[in-house]
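Heads up: the structure comes next, in structure tokens.
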Amino acid sequence: MNKKNPKIIKLDEMETASKYIRKKYSIGFWGLGILKLGDINKLRSDLVKDHTESEIISIKASIDTQFEHYKQLTSIITILALIFTMIFTSINTQINFTMKPMDWIYNANQELNKDLNKNMKPDERTGNLIKQTNEMAAEYFKVTKAAFNALQMNIYFIAIFLILIIYTYFGRFRWIVLVKNILEEALKEKKREKDEDERKGKNRNNLRMQRLMK
């Protein structure tokens, strides 16, 4: 864990517990990922040392809210998957429509050739058909290549966008869960300290009373 930020970070100035902990203790890259075991232990100790039990409870209440919020976001991931499926279906339909005119042109050309080439000599007819076939094949491959390039770009864009969303979501969720667990342990330790102080206080009072009664 890095040294504390020299700027004073006040609890009541932060919107969320996650942001407060990141700013105050300078840990957690944008609230993503995990912490080393040594950092986890130090953060727990610092939370106990720097806050009262009431403050830790307030911080924990905030992180619990964030935790529930991120749990609800799993439904959004499902909705995004459905949207992307619809997008891919739309792209596939668009490509099919792009290919259809080439098939129509080919069929129409075949019908025209029956009339235009019927009076030609066999060699001329063959040469003409080869020329037309080559031209149509070149045009067909040109349209096909453009369609697949467009599809490839769309797939790359959608895949990168989806990967970023999923990475951010799970990285953020993992961070929230980690901080939530650290706060729970810090609160338990703070309560143990409080109980120990109260027990020691009672023992001192009992000793004092015993001395006075002698």
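Quick check on packing: order 181-189, 193-201 by the mean number of other C-beta atoms within 10 Å, highest mean leading.
Highest mean packing first, the order is 181-189, 193-201.
Rolling a 1.4 angstrom probe over the protein chains, ignoring ligands and nucleic acids, what is the accessible area of K131 in square angstrom, nearest 10?
Solvent-accessible area, nearest 10 Å²: 120 Å².
What percentage of the solvent-accessible surface of the stretch 29-78, computed with a 1.4 Å probe over protein heavy atoms, is contributed by carbon and sulfur atoms?
The computed percentage sits at 63.
What pairs from K60/K191; K23/K191; K19/K42 go past 21 Å between their alpha carbons?
K23/K191
Could you check the simple spin-label distance between E196 and L162, using points 7 Å along Cα→Cβ, in nm with one decimal?
5.2
The values are calculated or read from the model by the stated rules, or taken from the named source; none is laboratory data. Just so it is clear, the structure is predicted and the values come from calculations on it, not from any experiment. A quick note on method: Cβ atoms are made from the backbone with ideal geometry, for glycine too, and the neighbour counts reach across all protein chains shown. Side chains included, ligands, DNA and RNA excluded: accessible areas come from the protein's heavy atoms. Shrake-Rupley method; radii C 1.70, N 1.55, O 1.52, S 1.80 Å.
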